[in-house]
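Please read the structure below before turning to the comments.
The values are calculated or read from the model by the stated rules, or taken from the named source; none is laboratory data. Quick caveat, the model's predicted, so the values are computed rather than measured. A quick note on method: Cβ atoms are made from the backbone with ideal geometry, for glycine too, and the neighbour counts reach across all protein chains shown.
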Amino acid sequence: MTPTLKEVAELAGVSRSAVSRTFTKGASVSTKMRRKVENAARELGYSPNALASSLTTGRTKLIGLVANNFANPIFLEVFDLFTKTLQERDLRPLIVNLSDETEPVQSLNMLKQYSVDGVVVASSTLPTNFARAFNTAGIPVVHTFGRFATSPDVHVVGIDNVECGRMAARTLIARGYRNIGYLGGPESATTAQDRYRGFMEEATHNSKIIARARFSSGYSFSAGRSIMIEELNAKPADAYFCGDDVLSIGALSAMREHGMHPIKDIGIIGLNDMHMASWQGFDLTTIRQPIAQIISASVDLIEEMLIEPDRHPEARLFPCHIVERGTLRPIQS
């Protein structure tokens, strides 16, 4: 039989409330009392029941993790880091897979049923009103990889996607490419819109540059492959900024099927620097998004809101940088 709180109290010679306080973070209990309870718990092999504890504290320590693109390999890295970071902070993830949903109603109802303490919306494609729905319902929320705003409605943690677009265009121009293109994610995604905006702004500053842009059906390998095949069947640009690494890998697949090499024929730069980008056979030049820092900051904000629920929403942005590999030619001297 699993040892109970009552048995620990009897063995330690203390009240049940004393045992409960001993295993409640931040509760007041003397050093002597704590030692007696911990010794008794160790002898019996007792560990506190998290669900029972939540009834006492009013906190479940459950954090809803909402995402909608499990097909993209980058989410495996995001999921791994989020779950590890939450567990290190004595919090527990509750995963919600949205699939093709864009309305928050079902997710909100589900997470309310589980009495989550907070929610992280980990998506770069969901509309801004999605995270806002949790805030309106009184649930602490952070929109990770969300759209930057100087006065956001909810906490946002991510990168400056407009600047990433500029960075990509500058990188291609510095390598002597004059006919350049942007292959983005779905046109409805704010990340695709912002990366497009930055890319075109930077490209049009130079009268010698020809720039064009297209949006794909999604951030996926098949979407990147499909849109590059269409480009190759027309008149392709000299180099492309693909607004995501998995789009880039799809584009590289289409190029290689046509007997093309990324340096000799068409240059490619991606965004994210997921693990696969460095694999032999891809060797993708890309813009690194500091995923680990973004996730750590997101969990920081959730913890801060648990202490200060009325904390004013803020946007935390992290800088990106180019990772040089083998899909662009060298900088022109």
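The single condition among (1) surrounded by 20 or more Cβ atoms within 10 Å (Cβ to Cβ); (2) assigned by TED's automatic domain parsing to the domain that holds ALA277; (3) of a type outside the set (S, T, N, Q); (4) closer than 28 Å to ARG132 by Cβ that HIS155 does not satisfy is (2). Scoring THR204 on the criteria (1) touching a strand residue (DSSP E or B) at 6+ places or on another chain (Cβ under 8 Å); (2) within 23 Å of PRO73 (Cβ to Cβ); (3) at pLDDT below 95 leaves a single failure, condition (2). Checked against the criterion of being β-branched (Val, Ile, Thr), without any contact (Cβ under 8 Å) to a residue 60 or more places away in the chain and part of a helix (DSSP H, G or I), region 278-298 has no qualifying residue.
The set of residues from region 66-124 being within 22 Å of GLY270 (Cβ to Cβ), part of a helix (DSSP H, G or I) and of a type outside the set (Phe, Trp, Tyr) comprises ILE74, LEU76, GLU77, VAL78, ASP80, LEU81. Among residues of region 313-333 that are within 13 Å of ILE269 (Cβ to Cβ) and polar (S, T, N, Q), those with a Cβ under 6 angstrom from a residue that is crowded, with 17+ Cβ neighbours inside 10 Å and modelled with pLDDT under 95, sequence gap 6+ or separate chain, pair up as THR327/PRO262. ARG197 falls short on exactly one of the conditions (1) assigned to a helix (DSSP H, G or I); (2) surrounded by 20 or more Cβ atoms within 10 Å (Cβ to Cβ), and that condition is (2).
Looking across region 256-277 at every residue that is assigned to a loop (DSSP other than H, G, I, E, B) and touching an Asp or Glu at 6+ places or on another chain (Cβ under 8 Å), the one that is nearest to LEU76 (Cα to Cα) is identified as MET274. Scanning region 232-255 for residues being assigned to a loop (DSSP other than H, G, I, E, B) and either buried (at least 24 other Cβ atoms within 10 Å of the Cβ) or of a type in the set (Gly, Ala, Ser) (or both) gives a total of 4. If you go through region 123-146 and keep only what is under 16 Å from ARG316 (Cβ atoms) and touching a strand residue (DSSP E or B) at 6+ places or on another chain (Cβ under 7 Å), you end up with ALA131, PRO140, VAL141, VAL142, HIS143, THR144, PHE145, GLY146.
Restricting attention to region 17-36 and to residues that are more than 26 Å from LEU306 (Cβ to Cβ) and either among the aromatic types (Phe, Trp, Tyr) or over 42 Å from the mean Cα position of the chain (by Cα) (or both), the residue that is surrounded by the fewest Cβ atoms within 10 Å (Cβ to Cβ) turns out to be LYS32. Within region 125-146, the residues that satisfy the criterion of being part of a strand (DSSP E or B) and within 13 Å of ALA67 (Cα to Cα) are VAL142, HIS143, THR144. Yes or no: ILE295 under 30 Å from GLY138 (Cβ atoms), of a type outside the set (Phe, Trp, Tyr) and either modelled with pLDDT of 95 or more or assigned by TED's automatic domain parsing to the domain that holds ARG178 (or both)? Criteria met by ILE295. Filtering region 279-333 to residues that are of a type in the set (Phe, Trp, Tyr), more than 19 Å from the chain's Cα centre (by Cα) and either within 18 Å of ALA122 (Cα to Cα) or surrounded by 16 or more Cβ atoms within 10 Å (Cβ to Cβ) (or both) leaves only PHE282. Residues being under 21 Å from THR191 (Cβ atoms), in contact (Cβ under 8 Å) with a residue 12 or more places away in the chain and not hydrophobic (A, V, I, L, M, F, W, C) are entirely absent from region 251-268. Among the residues of region 217-231, is there at least one that is closer than 20 Å to THR190 by Cβ, out of contact with any Lys or Arg (no Cβ under 7 Å at 6 or more places or on another chain), surrounded by fewer than 16 Cβ atoms within 10 Å (Cβ to Cβ) and not assigned by TED's automatic domain parsing to the domain that holds ALA149? Yes. Looking across ALA27, ALA18, one residue alone is at pLDDT below 80, outside the structural domain of GLY138 (by TED's automatic domain parsing) and small (Gly, Ala, Ser). It is ALA27.
When GLU163, GLU77 are checked against the criterion of being of a type outside the set (Phe, Trp, Tyr), farther than 19 Å from GLU304 by Cβ, in contact with a Cys (Cβ under 8 Å, 6 or more places away or on another chain) and touching a residue at least 24 places away in the same chain (Cβ under 8 Å), GLU163 stands alone in meeting it.
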